[in-house]
Structure formats: structure tokens, C-alpha cells
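Remarks on the structure that follows.
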Amino acid sequence: GESVGLHLPTLSVQEGDNSIINCAYSNSASDYFIWYKQESGKGPQFIIDIRSNMDKRQGQRVTVLLNKTVKHLSLQIAATQPGDSAVYFCAGGGGATNKLIFGTGTLLAVQP
Amino acid sequence: GAVVSQHPSWVICKSGTSVKIECRSLDFQATTMFWYRQFPKQSLMLMATSNEGSKATYEQGVEKDKFLINHASLTLSTLTVTSAHPEDSSFYICSARGLQGLYEQYFGPGTRLTVT
């Protein structure tokens, strides 16, 4: 069935360290994946996306890796800052309906 | 660009009343809008997909007679929670996909509904 889940519900890192947030998915038909950041009481904010025909994509301080063999997705944040503290969701989409299916989310807590 | 707004940002209503939430795409035209519900410390759950000028498609388990969705124009979709009950209290988030968009969804800031 369709599901996108996360390995770790909470991740605590020191300011300046790199963060890695993981996500597993089950739907092989997903055409794309998106990482969102959600701060408390706000809507999701787009971070970065990746097509299913890619295995890596880099943005500013963020990198998304996609391993289709094991159906695994990760978000790497370099030099994590206090402003990065939020809940991070991965979402997969595509297929006939082109809907987004969200994972359960990981709370990233950055310690100063 | 690609800004989506929601109104109101929060609302408190009494049990049994109806509440309407608006979702607007401010600087683009949205052929498709999505409505999500999010309970505390949980993920976003898709409730329905609405296309301008046609009936919304509801996800399994979502009561279409309780959550009325209208997408009357390319910039406005509304969600009406009818006969609200305390268990309907949640964070409702809309998103919009533009005319040129392949899969991008732009999210609104959410509406906090509390039913007393």
C-alpha cells in the first residue's frame, strides 16, 4: 500500500553539526519526493524535492539522497542552526492521482 | 511568488455549528487545491482534492456531507465543517497546485479549529 514513514521521531543535534533525517517509503510508483519543514502552528514549507529518476539533489545547505533499491530517502542539513528546529516531513507523490502522501515526521531539535 | 493564504487563522465555535475556512492562491491560479487535517504531533492527512468547477474527491473515511468543499474559482476553495463536534478540532491546511505545476503544492498557513 501507499505509505511513507520515518525512522526517528526525534533528532537532537548540536548547533553547527550536520543533521540526517531518514524516511522509508513503500510505494514504488512514486514519481517524486519532497521534504517539508513545519514550524509550530504553521503550514509546511518546501525545502527540496527529488525525482524518482535521480539519486541525489543538492540545495543550499541541504542534500536529499534517494535509494530506490531499499526505498529510502534522507535529508541532510549541513551546519545545523537553531532556526532549523522544526518538524520535517517527507512526502511521496505521483501516479494517476498525483497526491502527496506524508510521512509521520521527525522533530529536529538544535541545541545551542 | 506562489503564496497561499487561509482565513481565518484560528476559530473557536460551539458544538453543532458550522464553520467555513477559505483558501486562496494570491499570485497564481490554482486548478487543484488540497485539504489536509493535522492532529497534534501527527502528520498531515489528505482529506480531499478539489478541482475548479468540479466536485471534490474525498479520501476514504472522510465524510463528504460533513466536510463540504467548494472550488468555485481558480483562486478560491472553501472547506465548511458542518455540525462541528469537539473531535473535529484540528489544524486544517490547504495547498494549491498551479496551472503549470506538475506536482508542486504550495501550502497555506493553516487554520486552527477548536470546537467547544
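Observations, loosely collected:
- Each residue in the range B:63-102 was checked for being surrounded by fewer than 16 Cβ atoms within 10 Å (Cβ to Cβ), free of Cβ contacts under 8 Å to residues at least 40 places away in the same chain and more than 12 Å from the chain's Cα centre (by Cα), and 9 pass.
- B:Leu46 within 15 Å of B:Pro8 (Cα to Cα) and either touching a residue at least 24 places away in the same chain (Cβ under 8 Å) or in contact with an Asp or Glu (Cβ under 9 Å, 6 or more places away or on another chain) (or both): no
- Residue in the range A:22-36 that is more than 26 Å from B:Ala96 (Cα to Cα) and surrounded by 14 or more Cβ atoms within 10 Å (Cβ to Cβ) present: yes
- Subset of the range A:4-22 that is within 13 Å of another protein chain (Cβ to nearest Cβ) and modelled with pLDDT under 90 - its residue that is farthest from A:Ile48 (Cα to Cα): A:Pro9
- Of all residues in the range A:14-29, at least one satisfies being at positive phi and part of a loop (DSSP other than H, G, I, E, B).
- In the range A:96-112, residue nearest to the other protein chains (Cβ to nearest Cβ) [restricted to those that are more than 14 Å from B:Gln38 (Cα to Cα) and hydroxyl-bearing (Ser, Thr, Tyr)]: A:Thr97
- Across the range B:26-40, the qualifying residues are those that are under 23 Å from B:Gln60 (Cβ atoms) and surrounded by fewer than 18 Cβ atoms within 10 Å (Cβ to Cβ), and the one among them that is modelled with the highest pLDDT is B:Phe39.
- Within the range A:23-66, the set of residues being at pLDDT below 95, touching a Leu at 6+ places or on another chain (Cβ under 9 Å) and among the polar types (S, T, N, Q) comprises just one member, A:Ser52.
- Identity of the residue in the range A:56-95, of a type in the set (A, V, I, L, M) and more than 15 Å from the chain's Cα centre (by Cα), that ends up farthest from the other protein chains (Cβ to nearest Cβ): A:Ala79
- Selection of the range B:10-25 for residues being modelled with pLDDT of 95 or more, surrounded by 13 or more Cβ atoms within 10 Å (Cβ to Cβ) and under 25 Å from B:Gln105 (Cα atoms) yields B:Val11, B:Val19, B:Lys20, B:Ile21, B:Glu22, B:Cys23, B:Arg24.
- Test: residue in the range B:56-78 that is hydrophobic (A, V, I, L, M, F, W, C), touching a Pro at 6+ places or on another chain (Cβ under 8 Å) and within 14 Å of another protein chain (Cβ to nearest Cβ): no
- Any chance A:Ile34 is under 24 Å from B:Pro109 (Cα atoms) and free of Cβ contacts under 8 Å to residues at least 24 places away in the same chain: no
- Filtering the range A:82-112 to residues that are assigned to a loop (DSSP other than H, G, I, E, B) and surrounded by 14 or more Cβ atoms within 10 Å (Cβ to Cβ) leaves A:Ser85, A:Asn98, A:Gly103, A:Thr104, A:Gly105.
The values are calculated or read from the model by the stated rules, or taken from the named source; none is laboratory data. What you are looking at is a predicted structure, and each value in this text was computed from that prediction instead of being measured. Positions of Cβ are backbone-derived with ideal geometry, glycine not excepted, and every protein chain shown enters the neighbour counts.
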